[in-house]
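The values are calculated or read from the model by the stated rules, or taken from the named source; none is laboratory data. All values derive from a computational prediction rather than experimental measurement. When we count neighbours, we look across all protein chains shown, and the Cβ atoms used for this are built from the backbone with ideal geometry, even at glycine. SASA here: full protein model, heavy atoms, side chains in, ligands and nucleic acids out. Shrake-Rupley method; radii C 1.70, N 1.55, O 1.52, S 1.80 Å.
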Amino acid sequence: MTPVPASNASQSVASPAESRWRTRDILVAAVIGVAFGVVFWAWGLAWSLFEPLNAAFPVARDLLYAVWLVPAVLAPLVIRKPGAALFAELVAAGVSALLGSAWGVDTLLSGFVQGAAAELVFAFTLYRLWSFAVLSIAAIASAAAAWVHDWVLYYPDVALDLQVARGIAMAVSAVVIVAAGSRALAGSLRRAGVLEGFPD
Amino acid sequence: MLTPIDLTVAQERSLLGRTNPLVKLGLALAWLVGLAVIHDPVRPLLLAVVAVMAGLALGRIPPARLFRGLVPLGMAALSIAVATLVFAAANTDPTAHELLRVGPLRITREAVAAAAALGARVIAIVSTGVVFAQTTDPTRLVDALVQQARLPERFAYGALAAYQAVPRLGQDLATLRQARRVRGVARTWRPRLLVGLLVGLLVRAIRHADQLALAMDARAFGSGPRTTFRPLRWQWTDLAVAVAGVAILAASLARR
């Protein structure tokens, strides 16, 4: 394996608060999006295998819903630049749509609302706070956006108590899979040595 | 399995293949929003049929490909329809017309109507999505997003460069799984092992991103005014497709 370039040629030093994106930031965020686009594609197949189970116990599958939301928190956690949540989630959605997702163009709309909701939370902290609490709030915001989107488009006639149960399951899922999961993934990547030159 | 859609020459030269990607994207999103306000099963199914026919006739999508793209639709539509059928708010409404009662489960005529409408909605959303994906080359889409929609070029072309890595990621995944098999880790479908696979995939992906970024910086990517290799111009066919798509949507929204 070739050595990992710690920084690129044009700007070798960037402070964490620096908001201009280096080429490396763009490519790493994009590639996180692309890798998750591939994950989404595979996850979409698994998701449809759960269909019969979902008809019987509709909330159980939503405990795994947040797999769709990981890039919206993982990419900004690694890059720490304005726009990373929206960019990575949109790239992931676009790639899974191009690979053939079950949800067509709606994948893009879903990706947009999920990424934008997390982005708003990070913007509110001025991209300076990266504690577990902030990650959790961003993950829950993203899940909430997905929940409203799904309610309007796919479950408009479903009873309110089920909607609320879905919402709770999605929020739990967001904290466990997205917030804790992104933290664990970023830690693994750091230990693997591929995040040199990115803020801790 | 993991191969990006590769359009045939006939698909690329067809009317829909030559139509500006922004027009198709805009129409697909407009149809999506329109479908969200339609609450009966007939109109979405008509829109789905129009989309599929247009894909076959105007997009020259090989039928086998089109139908392969439509397969996930069955499960998705069924899932949404069943969830609505069983858990519709109408089922607990005493004034609704009861059709069936099995133990605690009561199914009403209103719930059946809602389930049919939503199943049809999903079918229409997926059909337009498949036709869009099967007539649009990702590179042309990004060109149009940069040249005509004025999206930031560094991000758009950065994403495109990363997207080109998809087949490579597929190979990486195969290599990682083989490496595990050599070490005697046979059952790769346990959650812990899948997470390990994901970390391995991300490590390889980020290393690839670093190399790409270095190569692109070495060619002064995004550092000054950009010339275009594939200039795009609006065509009269773009207008025709846009008008036809909007007219079909408007007709189905107006029809009662």
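Mind checking whether some residue in segment B:172-187 is buried (at least 18 other Cβ atoms within 10 Å of the Cβ), touching a residue at least 40 places away in the same chain (Cβ under 8 Å), under 25 Å from the mean Cα position of the chain (by Cα) and assigned to a helix (DSSP H, G or I)?
Initial filter on segment B:172-187 (buried (at least 18 other Cβ atoms within 10 Å of the Cβ)): B:172-173, B:176.
Of the ones still in play, those that are also touching a residue at least 40 places away in the same chain (Cβ under 8 Å) are B:173.
If we keep only those that are under 25 Å from the mean Cα position of the chain (by Cα) as well, we get B:173.
Next cut, assigned to a helix (DSSP H, G or I) only: B:173.
Within segment B:172-187, one or more residues are buried (at least 18 other Cβ atoms within 10 Å of the Cβ), touching a residue at least 40 places away in the same chain (Cβ under 8 Å), under 25 Å from the mean Cα position of the chain (by Cα) and assigned to a helix (DSSP H, G or I).
Cβ-Cβ distance below 6 Å, separation of 6 or more or different chains: which pairs start in segment A:32-43 with a residue that is assigned to a helix (DSSP H, G or I) and end on one that is surrounded by fewer than 24 Cβ atoms within 10 Å (Cβ to Cβ) and of a type in the set (Phe, Trp, Tyr)? Close Cβ pairs (under 6 Å, with a partner that is surrounded by fewer than 24 Cβ atoms within 10 Å (Cβ to Cβ) and of a type in the set (Phe, Trp, Tyr)) amount to A:34/B:163.
Helices (runs of 4 or more DSSP H) wholly in segment A:101-200 with at least 1 residues that are over 19 Å from residue A:71 (Cβ atoms) and open to solvent by less than 40 Å² (accessible area, probe 1.4 Å) - which ones? Before the answer, list the steps.
Working: elements: A:106-124, A:132-153, A:160-173, A:181-191.
Once the helices (runs of 4 or more DSSP H) in segment A:101-200 are filtered for at least 1 residues that are over 19 Å from residue A:71 (Cβ atoms) and open to solvent by less than 40 Å² (accessible area, probe 1.4 Å), what remains is A:132-153, A:160-173.
The helices (runs of 4 or more DSSP H) found wholly in segment B:8-104 and carrying at least 3 residues that are within 18 Å of the chain's Cα centre (by Cα) and surrounded by 19 or more Cβ atoms within 10 Å (Cβ to Cβ) occupy B:21-36, B:42-57, B:63-87.
When you check residue B:96 against the structure, is it more than 8 Å from chain A (Cβ to nearest Cβ) and touching a residue at least 60 places away in the same chain (Cβ under 8 Å), yes or no?
On the way: more than 8 Å from chain A (Cβ to nearest Cβ): yes; touching a residue at least 60 places away in the same chain (Cβ under 8 Å): no.
In short, no.
For segment B:168-199, give me each residue that is at pLDDT 85 or above and of a type in the set (D, E, K, R). B:168, B:172, listed by residue number.
Among the residues of segment B:212-220, are any more than 30 Å from residue B:30 (Cα to Cα) and not in a helix (DSSP H, G or I)?
First, the residues of segment B:212-220 that are more than 30 Å from residue B:30 (Cα to Cα): B:212-220.
Restricting the remaining residues to those that are not in a helix (DSSP H, G or I) gives B:219-220.
Yes, there is a match, as at least one residue in segment B:212-220 is more than 30 Å from residue B:30 (Cα to Cα) and not in a helix (DSSP H, G or I).
The lone criterion from (1) open to solvent by less than 20 Å² (accessible area, probe 1.4 Å); (2) more than 11 Å from chain A (Cβ to nearest Cβ); (3) within 20 Å of residue A:104 (Cα to Cα) left unmet by residue B:140 is number (1). Looking across segment A:171-200, just one residue is touching a Ser or Thr at 6+ places or on another chain (Cβ under 7 Å) and within 13 Å of chain B (Cβ to nearest Cβ), and that is A:197.
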